[in-house]
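Some notes on the structure that comes next.
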Amino acid sequence: MEDALLYGRLQFAFTITFHYLFPQLTMGLALVIVILKTMALRSGNPVYNNAARFWGKIFAINFVMGVVTGIPMEFQFGTNWAKFSEIAGGVVGQTLAMEGMFSFFLESSFLGLFLFGEKRLGPRLHWLAAFCVFAGSWLSGYFIVVTHAWMQNPVGYEILADGRIVLEQFSALFTNPWATWEYLHTMVGAVITASFVIAGTGAFYLLRETHQPYGELFVRLGVMIGVVATILAAFPTGDGQAKNLAKYQPITFAAMEGIFETERGAPIALIGQPNMQTRTLDNPIFVPKLLSFLTYASFDAEVKGLNDFPEENWPSNIPGLYYSYHIMAGLGSIFIGVMLLAAFLLFREKLYTTRWLLWTLMLMIPLPYIANTAGWYTAELGRQPWLIYNVMRTVDGISANVSGGNALFTLIGFVAIYFLLGVLFLVLVGREIHHGPEGNGAH
Amino acid sequence: METIWFFILTTMLGIYVVLDGFDFGAGILHLFVARDEEERMLIQRSIGPFWDGNEVWLIASGGIVFFAFPLLYAVAFSGFYLPLIFLLWLLILRGVSLELRNHLNSSLWKSFFGKGFGIASLLMALILGAALGNLVRGVNFGGVVDGVSHYESQYFFTTLWTNFQPGENPGVLDWFTVLMGLIGVVTLTIHGANWVLLKSDGPFRRHLAEKARLAWMAAWPLIGLSIWAAADIRPELLDRFNNNVLLYFLPLSALAGFAALPYFQKRGQDLLAFLGSSWFILGMLLSTALALFPVMLPSSNHINPGITIYDAATSHYGLAIGLRWWIFGIILVIAYFIIQHRIFSGKIASDEDIYGEH
């Protein structure tokens with residue numbers, strides 16, 4: 001039973017982490033493709049359409065990876081988390097089923113049209129197909145976030161005498177105050193990933209002095225989108241998320257920030273290592289009173305520390321939570337700095353020749369993936385030990401009939417298969433980028 | 001309300017098998033019937049723009065089980081743990097193989113992913129058939145051994161095989177479910193051939209039609225055997241039909257659709273042939289659902305009962321609100337479906353724009 005819980009959690013964590021590497025680019029890139037198709041329609045310049053076609057090909061590889069790794073996510077609720085599904089399926093299943101009906105059908109039907117139908121459709125309808133793919137992918141993200149937001153902050157439900165949780169008010173799922181900020185923050189994160197991928201690819205072309213017009217277009221587009229998205233990630237979306245945490249999950253908030261003692265005028269820790277033995281933060285660098293100000297708009301506001309809460313409700317892995325949060329926030333701050341600088345040089349028309357910054361943009365491609373992953377780890381580790389916050393504990397959600405040995409077997413299988421998928425993805429996308437956007441004909 | 005959702009669910013699952021079924025059939029033909037790269041590309045182009053959308057019917061049906069019948073979702077998915085995970089792995093192999101095959105112009109690469117696509121499709125057809133066999137035969141609720149339950153009475157866990165007998169404690173595979181798996185393979189091969197014929201022209205058609213005809217002849221003894229076996233293992237399946245003889249119309253019309261296939265093929269009526277095999281699949285699945293109703297998953301022992309729609313369903317409020325958005329959703333789905341199939345209508349398999357090679 002202990003083993004089954006461990007392997008079940010590891011399998012879900014591993015498969016969802018790997019899965020989300022793809023949808024974040026899918027959602028971000030879908031927006032970029034719509035922008036490129038719009039520019040192509042308005043200017044008639046074939047560069048934009050070639051660029052859209054080029055990113056469409058990478059989108060397709062990325063999308064397949066997202067689809068094939070996404071189906072196991074839905075099914076694992078039943079296979080490994082049967083008790084959770086049995087008890088809460090009437091609520092969480094509702095929004096997941098809606099995702100299937102309203103977004104996956106839209107996305108997949110029009111992706112086929114977008115990829116295979118450019119000639120049959122003509123430019124305007126092809127733009128519409130791209131837009132429907134974009135709408136489908138962003139709608140899909142919305143239903144997932146609404147489902148997740150319910151697990152973080154359950155609303156609109158009732159618990160029956162037999163322990164089952166059923167829906168009491170459908171609309172409450174969508175007006176959940178947790179869902180709005182989480183959705184916007186997640187989508188902005190996806191756009192940041194796409195902006196770095198595009199700018200980094202453009203930088204690669206400029207540094208290698210190939211595909212010059214595309215290099216300049218990609219860098220320009222990536223930086224312009226990136227500078228807006230990185231700022232939106234911090235304010236207002238990140239800020240809104242943090243305030244929700246302080247309000248609805250104060251224990252998680254204290255653990256993320258590494259606050260053990262309740263204090264007025266709490267400082268914010270930029271860096272430091274939580275020490276669970278002494279219940280302090282080792283080697284901290286503090287900015288005085290800033291946490292109180294950011295959270296409650298007053299330098300003297302009181303921020304609750306972990307010691308004020310019963311230990312059995314503390315997040316089960318406080319150092320992991322603290323680091324996830326600080327990695328996300330730290331990278332997010334670096335992103336803002338780099339994008340602002342790049343935008344400034346773009347404005348001064350010096351960016352395309354500033355090689356060190358082009359190198360930086362290219363090498364930073366993996367970082368938004370890490371930041372997005374760390375953000376989700378913050379949300380998930382922060383919710384523990386709860387599966388549904390304050391309603392159901394993770395340990396109570398597992399499938400009691402699936403043995404640890406069976407769960408480990410499938411975990412090993414997933415690791416092996418996903419490793420191969422990862423290699424395939426890198427090889428194929430690397431090849432497409434190496435090929436470049438020119439001369440691929442009407443594919 | 002539970003009844004409405006039961007039939008919505010079985011219809012959606014049936015549509016999934018009809019739609020993704022022709023993809024799997026195409027994969028089997030890709031593996032065994034196509035003789036050269038040109039024929040393989042014909043097959044692949046005929047399903048290229050569709051397979052992904054077809055797979056969504058599985059995801060959507062899964063979502064419907066999850067929210068409308070959470071207990072069944074929990075119990076069946078954890079109970080069939082290994083076969084379900086295998087199914088997921090095969091869907092990964094199929095999707096990746098199909099999409100990535102044409103990304104490199106290398107014969108080794110193409111042959112590797114071509115085989116991957118074919119083998120995954122073959123095994124998927126086998127699994128779908130065997131899954132239907134398991135639903136009919138039932139599972140060992142409570143994990144009963146010698147009259148003693150080892151789990152909560154609503155839960156079970158099925159190993160891949162026990163003694164290959166459909167007795168009290170059967171595995172996923174026994175002779176009956178393997179037989180059903182074979183029927184799955186043969187039926188979907190024919191169904192896939194009907195789809196490829198609908199979408200292609202040229203000399204490959206004759207070869208394809210010949211092989212489909214062979215599979216059609218092989219199917220009859222298997223189907224006959226399975227009907228006899230199902231009635232032997234679970235005699236109560238026929239009760240509902242015997243009580244209301246009119247209901248026999250459903251399975252008989254499905255069989256008639258299947259019987260008429262060579263007639264349609266001979267006259268070159270590709271669309272009617274495809275609809276015939278589609279109706280055979282959908283009609284037989286609906287007949288099975290009708291025979292089991294209101295049971296969703298029967299029990300193979302006499303101690304713990306199977307799960308009915310009333311045990312498994314969520315609250316009435318949840319089902320009612322779900323019906324509202326579902327009706328809205330299904331109208332949209334039908335609209336997308338019509339748009340997609342209109343734009344890619346005709347013999348698209350010879351259109352080189354579908355999967356242009358590099």
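Nothing in this text is a laboratory measurement; each read-out follows from the coordinates by a stated rule. Given the structure is predicted, the values throughout are model-derived calculations rather than measurements. Virtual Cβ from ideal backbone geometry, glycine too; neighbours counted across all protein chains shown.
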Which is the longest run of chain A containing none of the GluC sites (Glu not before Pro) found in DSSP loop states (not H, G, I, E, B) with at most 13 other C-beta atoms within 10 Å?
A:1-208
Mean Kyte-Doolittle hydropathy of -0.5 or higher plus an axial Cα length of 27 Å or more: which whole DSSP H helices in chain B meet both?
B:2-32, B:81-100, B:107-137, B:175-199, B:204-233, B:270-292, B:316-343
Computed D for chain A, Stokes-Einstein, Kirkwood radius over alpha-carbon pairs, 25 °C, 0.890 mPa s, to the nearest µm² per second, is 106 µm²/s
Reachable lysines from A:Lys289, criterion Cα separation under 18 angstrom, eight or more residues apart if same chain
A:Lys243, A:Lys304
Is the C-alpha gyration tensor of the stretch A:237-379 telling us rounded, prolate or oblate? Criteria: a/c under 1.5 is rounded; beyond that, a/b larger than b/c is prolate, otherwise oblate.
prolate
In peptide A:111-122, what is the residue-averaged number of other protein chain Cβ atoms found within 10 Å of each Cβ?
5
If r is the Cβ-Cβ distance from B:Asn244 to B:Leu323 and R0 is 35 Å, what FRET efficiency results, to the nearest 0.05?
0.85
Kindly rank B:117-127, B:159-169, B:7-17, B:137-147 from highest to lowest mean number of other beta carbons found within 10 Å of each residue.
B:117-127, B:7-17, B:137-147, B:159-169
Put +1 on the Cβ of every Lys and Arg and -1 on every Asp and Glu Cβ in the protein assembly as shown; which of A:His326, B:Phe293, A:Val423 then has its Cα farthest towards the positive end of the dipole?
A:Val423
Ranked highest first by average number of other Cβ atoms within 10 Å, how do B:240-249, B:279-288 line up?
B:279-288, B:240-249
Considering only the other residues whose Cβ falls under 15 Å of the Cβ of A:Leu281, what net charge follows from Lys and Arg at +1 and Asp and Glu at -1?
-3
So which aspartates and glutamates can A:Lys83 reach, going by Cα to Cα under 16 Å and dropping same-chain residues fewer than 8 places off?
A:Glu2, A:Glu74, A:Asp162, A:Asp396, B:Glu152, B:Asp311
Could you work out how far apart the two model spin labels at B:Ser253 and B:Trp161 are, taking each label as a point 7 Å from the Cα in the direction of the beta carbon, and quote it in nm?
4.0 nm
In what sequence do B:Ile331, A:Ile327 fall when counting other Cβ within 10 Å, fewest first?
B:Ile331, A:Ile327
Which longest uninterrupted range of chain A lacks any trypsin sites (Lys or Arg not before Pro) assigned by DSSP to a loop state (not H, G, I, E or B) and surrounded by at most 13 other Cβ atoms within 10 Å?
A:1-278
Determine the shielding of peptide A:161-172 by partner chains: average, over its residues, the number of Cβ atoms on other chains within 10 angstrom of each Cβ.
3
Net lengthening on full extension, B:Leu332/B:Thr3 (0.36 nm per residue, minus Cα-Cα)
116.1 nm
Residue order, fewest to most beta carbons within 10 Å, for B:His150, A:His19:
B:His150, A:His19
Within a 10 angstrom radius of the beta carbon, how do B:Ile227, A:Ile271 rank from fewest other beta carbons to most?
A:Ile271, B:Ile227
Relative to the first principal axis of the alpha-carbon coordinates of chain A, what is the inclination of helix A:404-435, with its axis defined by its Cα atoms, in degrees from 0 to 90 and to the nearest 10?
20 degrees
For the protein assembly as shown, rounded, prolate or oblate, judged on the Cα gyration tensor with a ≥ b ≥ c (square roots of eigenvalues), a/c < 1.5 rounded, else prolate if a/b > b/c?
oblate
Taking R0 as 41 Å and r as the Cβ-Cβ distance between B:His302 and B:Leu271, the FRET efficiency 1/(1 + (r/R0)^6), rounded to the nearest 0.05, comes to 0.25
Nearest 500 deg cm²/dmol is fine: what mean residue ellipticity at 222 nm does the protein assembly as shown get from its DSSP H runs of n ≥ 4 alone, each adding -39,500 (n - 2.57), divided by its residue count?
-24000 deg cm²/dmol
Cut-off 11 Å between beta-carbons: net charge of the residues surrounding B:Ala60, Lys and Arg +1, Asp and Glu -1:
-3
Please compute the average number of Cβ atoms from other chains found within 10 Å of each residue's Cβ in peptide B:142-152.
1
